[in-house]
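The values are calculated or read from the model by the stated rules, or taken from the named source; none is laboratory data. If you're wondering where the values come from, they're calculated on a predicted model, not measured in any experiment. For neighbour counting, all protein chains shown are included, and Cβ atoms are generated from backbone atoms with ideal geometry for every residue, glycine included.
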Amino acid sequence: MRYDFKAEFFKTLAHPLRIQILDELRAGPVSVGELRERLGVEQSTLSQQLAVLRNRSVVRARRAGRTIRYEISDAAIWQVLDSARVIFDNQLVSTRSILEDLAREDTRDANRQHALRPRRPLRKGARRSKSA
């Protein structure tokens, strides 16, 4: 049961727009109109993703007159998102290091191939350049 809850929680976060919405709510409550403008998405798309977050109690809506403002239900969500960012950054650094190692190997292989390439015979009286 506990693992089912955790899995459902992470599924709730498993959409890029939902994470963007949560990031926009870091500074405090934001209206649907403001979110739509900031994120540059259609109203229907935004409403659909807000409903998922609201149904999972990640955000809550508060009505002030005709304006609905969304806010985070539990500030501990920031720890989860910040930890995810650290993990992502660490993986990115590791991937970059692997790619740099591969690039160095490719350069060494290319230099080795160049050194092993047979040279064409010189014409009579011609000199070989220093770069060849």
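Things worth noting here:
- All positions within region 72-103 that are surrounded by 14 or more Cβ atoms within 10 Å (Cβ to Cβ) and polar (S, T, N, Q): S73
- In the set S94, S83, only one residue is part of a helix (DSSP H, G or I), more than 19 Å from A7 (Cα to Cα), among the small types (G, A, S) and within 18 Å of the chain's Cα centre (by Cα); that residue is S94.
- When E37, E8 are checked against the criterion of being of a type in the set (D, E) and either closer than 21 Å to A76 by Cα or outside the structural domain of A64 (by TED's automatic domain parsing) (or both), E8 stands alone in meeting it.
- Any hit, region 55-71, residues being among the aromatic types (F, W, Y) and part of a strand (DSSP E or B): yes
- Within the option set R18, R26, R69, being surrounded by 14 or more Cβ atoms within 10 Å (Cβ to Cβ), within 21 Å of the chain's Cα centre (by Cα) and basic (K, R) holds for one residue only, R18.
- Of all residues assigned to region 31-42, at least one qualifies as being out of contact with any helix residue (DSSP H, G or I) (no Cβ under 6 Å at 6 or more places or on another chain), farther than 16 Å from K11 by Cα and part of a strand (DSSP E or B).
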